[in-house]
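Enquirer: Quick one: the structure is below, questions incoming.
The values are calculated or read from the model by the stated rules, or taken from the named source; none is laboratory data. Predicted model, so just to flag it, every value in this text is computed and none were measured. Using ideal geometry, Cβ is built from the backbone for each residue, glycine included, and neighbour counts are taken over all protein chains shown.
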Amino acid sequence: MLASISWRLLIVAAASLAILFGLGYFRIIVLPVIAALFITNFLSPPVHWLRAHKFPSLIATVAVMLSSIFIVAGALTVLGPPIADEFSDLEESFAEGIGRVTQWLAEGPLAISESQIEGYMERATTGLTGSTGRIAGTVAAGALRAAELLVELVVTLVLVFFFLKDGPKLIDWFKKHTPQHRRTDVDEISRRAWGTLGGYIRGIAIIAFVDAILIAIALAVIGVPLIPALALLTFIGGFFPIVGALAAGFVATLVALVSNGPLDAVLVAGSILLIQQIEGNILQPVLMARAVHLHPVVILLSLTAGAALFGVVGAFLAVPIAAVAATTGNYLRSLDSTTAA
């Protein structure tokens with residue numbers, strides 16, 4: 001019995017690894033498709049609105065895509081330089097904060113020896129050096145990677161265009177090539193998955209925005225500098241559940257420690273914990289009702305797998321993909337229950 005279960009687990013693990021490596025190998029195809037689905041879900045409401053007001057599908061799609069590109073480019077042009085300057089100061093404050101924490105570990109009540117601290121720092125430096133070496137290797141092959149990025153970007157934009165313009169036709173085509181007795185299931189799965197994806201994207205964006213506003217208010221009241229950069233960091237971190245909030249909060253606390261002292265650092269840390277409680281107990285249940293609620297372990301494993309396969313972009317896409325997969329699994333399980341009954 002145990003041997004049978006062990007072999008099944010080994011087969012499942014091997015199949016999972018094969019799928020992950022396969023996705024990583026075909027990243028130049030997989031990543032644009034996934035990114036295009038995300039962008040399409042985000043841009044589809046204004047396209048539908050224009051269609052409802054008698055605009056042809058082609059004009060509605062082109063208008064929404066061009067407007068989105070101009071808005072993003074304008075925002076980067078206007079906000080990019082001042083935010084970049086603040087992030088430069090933020091980097092200096094972060095480094096100084098790490099130095100103070102290291103000094104406290106050596107001289108404070110924990111009394112960690114300097115040799116231990118140096119050992120930990122050496123390990124971190126070694127890891128960073130290894131990462132830098134890999135990055136340098138990537139830069140050395142920069143022409144190839146730049147070409148890949150250009151291809152991925154072009155493919156993504158083309159896919160977004162056709163998904164927005166011919167989305168319903170593509171779904172109908174797919175259903176026609178599905179066995180007759182499975183077409184209802186395909187339609188229901190696609191509808192639920194699309195709804196989950198849209199609910200997650202809109203919900204997480206609103207939550208990240210509210211978190212950024214609340215942390216900006218808290219920092220302003222406490223008197224911590226670099227508010228725009230820290231608020232933007234909090235907003236970006238909101239798209240990486242659990243990990244992003246912890247990282248952004250840690251940086252904000254270190255900046256408060258450097259600029260204002262230990263008391264304000266404690267106040268910032270307390271404010272972040274309060275904001276996280278508001279998010280977890282109020283915002284998440286209300287705004288993420290349409291998305292599947294995932295266990296923290298599933299979220300962390302998804303983030304790790306996504307980052308390993310596709311880097312930062314993969315970490316960003318991993319959790320909503322897991323939510324869509326969970327929605328699909330729930331529906332298939334309900335089919336099995338119905339069939340068994």
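Enquirer: Within the range 175-224, can you find the residues that are of a type in the set (Gly, Ala, Ser) and farther than 29 Å from Val243 by Cα?
Expert: Let us first name the residues in the range 175-224 that are of a type in the set (Gly, Ala, Ser), namely 190, 193, 195, 198-199, 203, 205, 208, 212, 216, 218, 220, 223.
Hit for the range 175-224 is Ser190, nothing else.
Enquirer: Quick check: anything in the range 200-215 within 19 Å of Glu86 (Cα to Cα), among the aromatic types (Phe, Trp, Tyr) and buried (at least 17 other Cβ atoms within 10 Å of the Cβ)?
Expert: no
Enquirer: Taking the range 31-79, which residues are crowded, with 16+ Cβ neighbours inside 10 Å and among the small types (Gly, Ala, Ser)?
Expert: Once the filter is applied, which keeps residues that are crowded, with 16+ Cβ neighbours inside 10 Å and among the small types (Gly, Ala, Ser), the range 31-79 yields Ala35, Ala36, Ser44, Ser57, Ala60.
Enquirer: Does Ser93 satisfy the criteria of being of a type outside the set (D, E, K, R), touching a residue at least 12 places away in the same chain (Cβ under 8 Å), closer than 28 Å to Ser259 by Cβ and surrounded by 12 or more Cβ atoms within 10 Å (Cβ to Cβ)? Break it down into steps so the answer makes sense when it comes.
Expert: Values: of a type outside the set (D, E, K, R): yes; touching a residue at least 12 places away in the same chain (Cβ under 8 Å): yes; closer than 28 Å to Ser259 by Cβ: yes; surrounded by 12 or more Cβ atoms within 10 Å (Cβ to Cβ): yes.
In short, yes.
Enquirer: Does Ile282 meet the test of being under 30 Å from Ala84 (Cβ atoms) and either surrounded by fewer than 17 Cβ atoms within 10 Å (Cβ to Cβ) or among the aliphatic types (A, V, I, L, M) (or both)?
Expert: Working: under 30 Å from Ala84 (Cβ atoms): no; either surrounded by fewer than 17 Cβ atoms within 10 Å (Cβ to Cβ) or among the aliphatic types (A, V, I, L, M) (or both): yes.
Considered against the rule, which asks whether it is under 30 Å from Ala84 (Cβ atoms) and either surrounded by fewer than 17 Cβ atoms within 10 Å (Cβ to Cβ) or among the aliphatic types (A, V, I, L, M) (or both), Ile282 comes out as no.
Enquirer: Could you list, in sequence order, the residues of the range 235-279 that are over 26 Å from Gly203 (Cβ atoms), of a type in the set (Ser, Thr, Tyr) and crowded, with 21+ Cβ neighbours inside 10 Å?
Expert: Thr253 - this is the single residue of the range 235-279 that is over 26 Å from Gly203 (Cβ atoms), of a type in the set (Ser, Thr, Tyr) and crowded, with 21+ Cβ neighbours inside 10 Å.
Enquirer: Between Gln277, Gln284, which is modelled with pLDDT under 80 and at negative phi? Steps first, answer last, please.
Expert: Details: Gln277 fails: modelled with pLDDT under 80.
Being modelled with pLDDT under 80 and at negative phi holds for just one of Gln277, Gln284, which is Gln284.
Enquirer: Does Ile39 satisfy being within 25 Å of Ala315 (Cα to Cα) and at pLDDT 80 or above? Steps first, answer last, please.
Expert: Values: within 25 Å of Ala315 (Cα to Cα): yes; at pLDDT 80 or above: yes.
Considered against the rule, which asks whether it is within 25 Å of Ala315 (Cα to Cα) and at pLDDT 80 or above, Ile39 comes out as yes.
Enquirer: Still on this model: Quick one: what pairs do we get from the range 310-337, first residue without any contact (Cβ under 8 Å) to a residue 40 or more places away in the chain, second assigned to a helix (DSSP H, G or I), C-beta under 7 Å, 6+ apart or different chains?
Expert: Ala318/Ser302; Ala318/Leu303; Ala318/Ala305; Ala318/Gly306; Ala322/Val298; Ala322/Ser302
Enquirer: At least 1 residues that are closer than 16 Å to Pro296 by Cβ and free of Cβ contacts under 8 Å to residues at least 24 places away in the same chain in each: list the helices (runs of 4 or more DSSP H) lying fully within the range 224-286 that qualify. Can you show your working first?
Expert: Working: elements: 227-237, 243-259, 262-278.
It comes to 243-259, 262-278.
Enquirer: So if I check each of Ile117, Ile135, Ile83, which one is at pLDDT 70 or above and of a type outside the set (Ser, Thr, Tyr)?
Expert: Numbers: Ile117 fails: at pLDDT 70 or above; Ile135 fails: at pLDDT 70 or above.
Only one candidate qualifies: Ile83.
Enquirer: Identify, from the list Ala289, Ala325, Ala318, Ala305, the residue that is surrounded by fewer than 17 Cβ atoms within 10 Å (Cβ to Cβ) and at pLDDT 75 or above. Let's see the steps before the verdict.
Expert: Working: Ala289 fails: at pLDDT 75 or above; Ala318 fails: surrounded by fewer than 17 Cβ atoms within 10 Å (Cβ to Cβ); Ala305 fails: surrounded by fewer than 17 Cβ atoms within 10 Å (Cβ to Cβ).
From the options Ala289, Ala325, Ala318, Ala305, the qualifying one is Ala325.
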